[in-house]
Amino acid sequence: MNPGVNSGAIAEVTGVVASFAHDHLDGTAVCVGLSGGADSLALTAAAVRAGLQVHALVVDHRLQEGSAAVADEAAQSARAMGAQATVLPVDVVGRGGLEAAARRARYAALDEARAGRPVLLAHTLDDQAETVLLGLARGSGPRSIAGMRAWIPPFGRPLLGLRRASTVAACTDLGLSPHHDPHNTDPRFTRVRLRTEVLPLLEQVLQGGVVESLGRTASQLQDDIDVLEDMADAAAEVIAGDEVVCAEMTPIPAAIRRRLLRRWLVAQGATEPTGSVVNAVDGLLVRWRGQGPVAVGGNPEHRLEIARRGARLVVERRVR
């Protein structure tokens, strides 16, 4: 790598990272989630060039043969740039399929290893567009369609406004050789098909600008969600207990009421309540026809159900 290179692409990425650090970070010590791909390599290089004290965290998911060597090479690349680097081997297990389990393992490892420092992640505008499309297709509601936020401490995403082509060009400028993860081209994964089939078709049919438009949609929705969350904060006293009084909740506008219900379900131990679960619980309030309890998840020992008993919603725990 030539540390003196300052061409258009690497200068662009560095400028974005420097602006993010100025707007959101209190100090210069940061971690960067490094996979060895173009996005995270460019982010690591840009963070060093922006004057940050970078510690690259390389998560080895151990899902592919030779993953340890790939992780070690990524760590060596970070050190050559002037960063510290640590490889974090993880076990990918649990519910929700391979992608979800790998994501949980990765974020847990990053959070444990960051030692109080913020962690910068290399998601780009292309990743944001894919996330918005997935949220639309799954009918997951505004929270999912709003995509990823640039800063939810301790995790920051400085590159959300940049296209993936900029990070690839930055790596070319610096003479870096990104790792190409076979999972990123495997059509078994929905996100890969969105990237390689759906988005190119949308760009063709709509004559370009789709990725940028989806990014703008996410930003606008984030602003709207912030207002709704503030309104939910102001009404939070109605969910302060273990039971919900129906008469106190039904007059509240639906967008606020469902947010309050989701918070209440999480407080009672529900497992990541989906939009359909929240809507079913909302039906116990506003579409009451004598329907039975709604299952909302729980832990391995107890199944949680929300039931309407008279004029209240109550939590019932059933031994599995």
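Things to note:
- With the convex hull drawn over the C-alpha atoms of the chain, the volume per residue is 158 Å³.
- Put a dot 7 Å past the Cα of E272, heading toward its Cβ, do the same for D23, and the two dots end up 2.8 nm apart.
- Placing unit charges on the Cβ atoms of the charged side chains and taking the dipole of the chain about its Cα centre, the candidate lying farthest along the positive direction among Y107, V281, T28 is V281.
- Using alpha-carbon coordinates, inclination of helix 210-234 to the longest axis of the chain, degrees: 40 degrees
- Placed amide H near T124: partners under 5 Å, 5+ positions off or other chain: none
- For the range 242-250, Karplus couplings with θ = phi - 60° (6.51, -1.76, 1.60), whole Hz, Gly/Pro x: 7, 10, 10, 7, 4, 5, 7, 8, 4
- Qualifying trypsin sites (Lys or Arg not before Pro) in the range 249-316, where qualification requires a DSSP coil assignment and no more than 15 other C-beta atoms within 10 Å, comprise R287, R289.
- Cβ-based net charge around S35, under 12 Å, with every Lys or Arg adding one and every Asp or Glu removing one: -3
- Length-normalised contact order of the range 17-77 in % [C-alpha pairs under 8 Å, at least 6 apart]: 34 percent
- Heavy-atom accessible area, probed at 1.4 angstrom with all protein chains present, ranks S40, S35 as S35, S40, highest first.
- Across the range 113-120, coupling constants 3J(HN,Hα) worked out from phi with the 6.51/-1.76/1.60 Karplus curve, θ = phi - 60°, read 8, 6, 6, x, 8, x, 10, 8 Hz, and Gly and Pro carry x.
- Euclidean distance between Cα centres, the range 105-179 to the range 299-317, Å: 37 Å
- Across Q76, Q128, Q207, mean-square fluctuation computed from a Gaussian network of the chain (C-alpha pairs under 10 Å connected) peaks at Q207.
- Counting only protein heavy atoms and a probe of 1.4 Å, the accessible surface of the chain is 52% carbon and sulfur.
- Per residue, in Å², the accessible surface of the range 268-320 once ligands and nucleic acids are set aside, probe 1.4 Å: 55 Å²
- Under the combined filter of DSSP loop state and at most 14 neighbouring Cβ atoms within 10 Å, the range 68-140 retains these trypsin sites (Lys or Arg not before Pro): R95.
- Once the 1.4 Å probe is applied to the protein heavy atoms, the range 171-236 comes out at 62 Å² accessible per residue.
- Note that the range 52-140 presents 48 Å² accessible area per residue, ligands and nucleic acids not counted, probe 1.4 Å.
- Rounded tilt (10° steps) of 8-24 against the dominant C-alpha axis of the chain: 40 degrees
- Tail beyond 22 Å, pair distance distribution of the range 203-320 (Cα, percent): 42 percent
- √(5λ) per eigenvalue of the Cα gyration tensor, the range 166-211, largest first, Å: 24, 18, 5
The values are calculated or read from the model by the stated rules, or taken from the named source; none is laboratory data. Worth saying up front: this structure is predicted, and the values here are computed from it rather than measured. Counting neighbours? That spans all protein chains shown, and the Cβs are built from the backbone with ideal geometry, glycine included. Keep in mind that these areas ignore ligands, DNA and RNA; they rest on the heavy atoms of the full protein, side chains included. Shrake-Rupley method; radii C 1.70, N 1.55, O 1.52, S 1.80 Å.
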